[in-house]
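A.B. asks: Pasting in a structure now, in structure tokens, and then I'll have a few things to ask.
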Amino acid sequence: MSEFAEIILDGKSYQMPVVEGTENEKAIDISSLRAQSGYVTLDSGYKNTGATTSEITFLDGEQGILHYRGYPIEQLAEKSSFIEVAYLLIYGSLPTQQELDDFSNKIRLHTLVNEDMRKILDGFPSAAHPMGILSALISSLTAFYPESLNPNQSKDEVDLSIIRLMAKMPTIAAWSYKNSIGHPVNYPKNKLDYCSNFLHMMFAYPTEEYELNPVVVDALNKLLILHADHEQNCSTSTVRLVGSANASLYSSVSAGIGALWGPLHGGANQAVIEMLEQIKADGGDSKKFIAKAKDKDDPFRLMGFGHRVYKNFDPRARIIKKATDEVLTALGINDPILDIAKELEEAALNDSYFVERKLYPNVDFYSGIIYRAIGIPTDMFTVMFALGRLPGWIAQWKEMRENKEPIGRPRQIYTGETKRDYVPVEKR
Ligand code: CMC
């Protein structure tokens, strides 16, 4: 491999170092290009730009490979627990039993949120989307823990902020749902594991215990693992960018939640179910919707299809598709939109438009069907994604801080008016 790339500009040659990752990914380090030549690089949407080096997640979109800290997603989804994966992502290695117990116990100790947060929650109309509530309440943690604003916190203090966030996110997420249906909130039950506790807070009533079904708990565990990190995607890049200004962990994650909410990112899981419902209500003709997705004059896109990085089957989608069948069978649910989803997938995978553009089902295509089967309402789907992505955001924020990365600040090429003189309003 050459150690330098040569860039020739205005007849002058510049040598830029080549960087190679542990999985042989290669990059040209252009960080000195502007200082040397006056040129910047331009890459709208960062389609070809590496914003950082990272040791957390490896993703090969051509081959459909996803590893967290070197461990294949298939093995983690099959054998691990969400809390174990969270530890792995945040601290870099699989925990010993002692480390896992300590981590889980610390999280259990911090699941309650300050009662004053309920007053903030009460101020939201019941029609408020739970993602808006989640983002606002996570940001408001800075008010309850102002010490988290100190960019020079010690390692132990940072760890406490991390534990608090991991612990309180499920409580806040479940409360945002209770708010949307006008029901009283449930307090956490700390004898329960992470996923079971969340389900209890979501579904128990003051008059009725929620009976935990192991199939549902396992399905949730798997879904959260599959969403736990995905390297430098839109919301994670947002978390790192906000954090690079020395903003607190809570503010950075709150911003990430805002990014995840968009229907081209995490909001796609809600959009998929709405699309499948629309197809069902329209008579179930998937071919008609495939044609709409291909029509450049029609804004309709096949939600849950395509990915910026995967140009092969999204490995998470493969696992979720199998899990969807298993969960629905175990729960005895026959959901007609699963049939529509399978028909749509089949039609798209055999259609040259999708084949040529390498558009395959992504993680969001089937996840909503499982969420629905385990009783999660549609507008909570993206909240579920956020709950899963939280350890990834934390790990990426922590890595960025520990690497002392500089503040993120892209350049631009200005294409507006050149200098002109101000004209008073009466003369315009
Ligand atoms: N339906 C129809 N056509 C599509 C779709 C789709 N879902 N996705 C991409 N295309 C077409 C697009 O029109 C373009 O065609 P052409 O080359 O003729 O102009 C080509 O494929 C490339 O698309 P792009 O928009 O340039 O690709 P991108 O990398 O900028 O966008 C994407 C990636 C995920 C935003 C896009 O595929 C999309 O909008 N998918 C639907 C939304 C979705 O499912 N998002 C969830 C992503 S997975 C969860 C996550 O990690 O966020």
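A.B. asks: For the range 50-84, which residues satisfy the criterion of being more than 19 Å from residue 397 (Cα to Cα) and among the hydroxyl-bearing types (Ser, Thr, Tyr)?
C.D. replies: Residues satisfying the conditions are 71, 80, 81.
A.B. asks: With respect to residue 143, is the statement that it is in a helix (DSSP H, G or I) and among the small types (Gly, Ala, Ser) true?
C.D. replies: Yes; evaluated as a whole, the condition is true for this residue.
A.B. asks: Starting from residues that are open to solvent by less than 20 Å² (accessible area, probe 1.4 Å), assigned to a loop (DSSP other than H, G, I, E, B) and closer than 18 Å to residue 326 by Cβ, keep the ones in the range 350-402 and report whichever is farthest from the ligand (Cβ to nearest atom).
C.D. replies: Here the residue is 374.
A.B. asks: Something else: Is one or more of the residues making up the range 82-91 surrounded by 14 or more Cβ atoms within 10 Å (Cβ to Cβ) and outside any helix (DSSP H, G or I)? Please lay out each step first, then the result.
C.D. replies: Of all residues in the range 82-91, those surrounded by 14 or more Cβ atoms within 10 Å (Cβ to Cβ) come to 82-91.
Among the residues that remain, those that are also outside any helix (DSSP H, G or I) are: none.
No; the residues of the range 82-91 include none that is surrounded by 14 or more Cβ atoms within 10 Å (Cβ to Cβ) and outside any helix (DSSP H, G or I).
A.B. asks: When you look at residue 14, is it of a type outside the set (Asp, Glu), assigned to a loop (DSSP other than H, G, I, E, B) and in contact with a strand residue (DSSP E or B) (Cβ under 7 Å, 6 or more places away or on another chain), yes or no?
C.D. replies: Here the answer is no, as residue 14 does not meet what is asked.
The values are calculated or read from the model by the stated rules, or taken from the named source; none is laboratory data. Being a predicted model, the structure only gives us computed values, none of them experimental. Neighbour counts are summed over all protein chains in view; Cβ atoms, including those assigned to glycine, are modelled from backbone coordinates with ideal geometry. Ligands, DNA and RNA are stripped out before the accessible areas are found, and what is left, the full protein with its side chains, is counted by its heavy atoms. Shrake-Rupley method; radii C 1.70, N 1.55, O 1.52, S 1.80 Å.
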